[in-house]
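The values are calculated or read from the model by the stated rules, or taken from the named source; none is laboratory data. These numbers come from a predicted model, not from an experiment. Don't worry about glycine lacking a Cβ; one is built from the backbone with ideal geometry, like all the others, and counts go over all protein chains shown.
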Amino acid sequence: MSRLAAGLGAALLATISTSPAAASGLPGNGDANACTPTVGGQVGNDGTLTAVREDAGVDCPLASGPTGTPYGPGGPQGGPGRGQPGAACSYEIDRPVKILIGPGGSVTELDPTPDGGGYTSIGYPADLKKVPVVEAEQFNIYLPYVFQGKYDQNGLCTIPNPGFQLGCPTPHPFTNFVVAGNICWVTEPNPVRRPNGLPPGRILPYLDRAHLLQLIDPGTLSSLPDNPNPGLVSIGTCFFIGGASFQAPGGARLPIQQPADFQMTIADPVNDGTGRYVFYVFRVELAFQGADWDFGDGSTQPDPNLPAACTGVPADLAASHTYSTYGTYDVSVTEHYGVTVDEYWSDADGQHHLRLDGLVPPISRTLGPYPKQILQEEGVPVGGA
């Protein structure tokens, strides 16, 4: 069954009202608070992670064709039959309307000519550009034409009398929102619905350990007394991690003391012949969760407090350990990071949000071994002075 949709003509609409999406936040239902629907998704940048502010809003590109590529149903519906040569004939043919999203999110409707050999363009103003894109999330859009004529000598309805006419207001009445000038759309339901989001198997290749490790710089180990100066038995030797940070390729370094947020998009083809994609947006948060020290002498427990000489040393992490015997010890530290993934997308049911708990396990990075010599001496300050 076809549904008549609102049409827009050369003089475009000034205002429009649409029904709000259901706000539940559950899979299969639109969540009005999930993300902001936008126009224009990219294909070919799957899995590219960029840094974003923690409080930045999430934009969900509407399901559509990729920027710069017209999309819509592939072929016409209807067409001529055969009849008695010379007799009057008529038929309706519904030709596919294409939508073109340009750079910067511009939207152009490409209306087919009666013979299907070309298109005329209608550009949408910024405040109305979502109208055809939302419509095309849910329907195949066609422009109806009616041919009036006669059967030729082969019994084909090809002789114009008067020929093609727009199929509105007859047999399809014009429908409009508010308007001056219309064309009509005849639509067939073909909604893009992705109630459960993207399967994990499509996500994990971009969020595996190897990719996420590239976002974490564990820093470097140093000590006080700093190598090659030895530490002393019975006096706390301090170890520091400096330069630990989060960083997307080409982005600024972010200190590990605060969680860091990154974003990526995966474009998933609908594969129904319309050229539409669903654009899944992922917010990935990395958060430092602590560190485990191994001081090389069988102990993993830092001293309760740093020696006074160590408290003023700038570092991301610091720990002190008091050795009871002399020797050279291999010190290492394992940093632990939690990974939180949120998935957002838009389809014919509205906008969606899922927290993907457990999708990516915590990540650990180890620094060391860092050799530290400890001498059996007393009475020398920790700073080596």
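With respect to (1) under 30 Å from His353 (Cα atoms); (2) touching a helix residue (DSSP H, G or I) at 6+ places or on another chain (Cβ under 7 Å), the lone exception for Val281 is condition (2). Using the structure shown, decide if Val382 is under 11 Å from Thr237 (Cα atoms), out of contact with any Cys (no Cβ under 6 Å at 6 or more places or on another chain) and either surrounded by 14 or more Cβ atoms within 10 Å (Cβ to Cβ) or at pLDDT below 95 (or both). Against the criterion (under 11 Å from Thr237 (Cα atoms), out of contact with any Cys (no Cβ under 6 Å at 6 or more places or on another chain) and either surrounded by 14 or more Cβ atoms within 10 Å (Cβ to Cβ) or at pLDDT below 95 (or both)), Val382 qualifies.
Here the stretch 236-259 is the region considered, the condition is being at pLDDT below 95 and aliphatic (A, V, I, L, M), and the residue that is nearest to Val284 (Cα to Cα) is Ala248.
Kindly indicate whether Leu286 is part of a loop (DSSP other than H, G, I, E, B), of a type in the set (A, V, I, L, M) and out of contact with any helix residue (DSSP H, G or I) (no Cβ under 6 Å at 6 or more places or on another chain). Answer is no for this residue.
Here is a check on your reading of the model: is Glu109 charged (D, E, K, R), over 17 Å from Asp347 (Cβ atoms) and in contact (Cβ under 8 Å) with a residue 12 or more places away in the chain? First the steps, then the outcome.
Details: charged (D, E, K, R): yes; over 17 Å from Asp347 (Cβ atoms): yes; in contact (Cβ under 8 Å) with a residue 12 or more places away in the chain: yes.
So Glu109 passes the test.
Identify, please: which residue in the stretch 292-320 is in contact (Cβ under 8 Å) with a residue 60 or more places away in the chain and in contact with an Asp or Glu (Cβ under 6 Å, 6 or more places away or on another chain) and is, among those, surrounded by the fewest Cβ atoms within 10 Å (Cβ to Cβ)? The residue in question is Gly296. Of all residues in the stretch 51-95, those satisfying the criterion of being farther than 28 Å from Pro191 by Cα and in the same structural domain as Glu109 (by TED's automatic domain parsing) are Pro80, Gly81, Arg82, Gly83, Gln84, Pro85, Gly86, Ala87, Ala88, Cys89, Ser90. Scanning the stretch 86-119 for residues that are surrounded by fewer than 22 Cβ atoms within 10 Å (Cβ to Cβ) and assigned to a loop (DSSP other than H, G, I, E, B) yields Gly86, Ala87, Gly102, Ser106, Thr113, Pro114, Asp115, Gly116, Gly117, Gly118.
Here Ala348 fulfils each of the conditions (1) crowded, with 17+ Cβ neighbours inside 10 Å; (2) touching a strand residue (DSSP E or B) at 6+ places or on another chain (Cβ under 6 Å) apart from (2).
For the condition crowded, with 20+ Cβ neighbours inside 10 Å and part of a strand (DSSP E or B), Tyr329 qualifies. Here is the figure for the stretch 351-363: residues that are in contact with a Phe, Trp or Tyr (Cβ under 7 Å, 6 or more places away or on another chain) and surrounded by fewer than 20 Cβ atoms within 10 Å (Cβ to Cβ) total 2. The strands (runs of 3 or more DSSP E) found entirely in the stretch 155-252 that carry 2 or more residues being touching a residue at least 40 places away in the same chain (Cβ under 8 Å) and buried (at least 19 other Cβ atoms within 10 Å of the Cβ) are 185-189, 220-224, 237-242.
What residue, among those in the stretch 253-283 that are of a type in the set (S, T, N, Q) and either assigned by TED's automatic domain parsing to the domain that holds Pro73 or in a loop (DSSP other than H, G, I, E, B) (or both), is nearest to the chain's Cα centre (by Cα)?
Asn271
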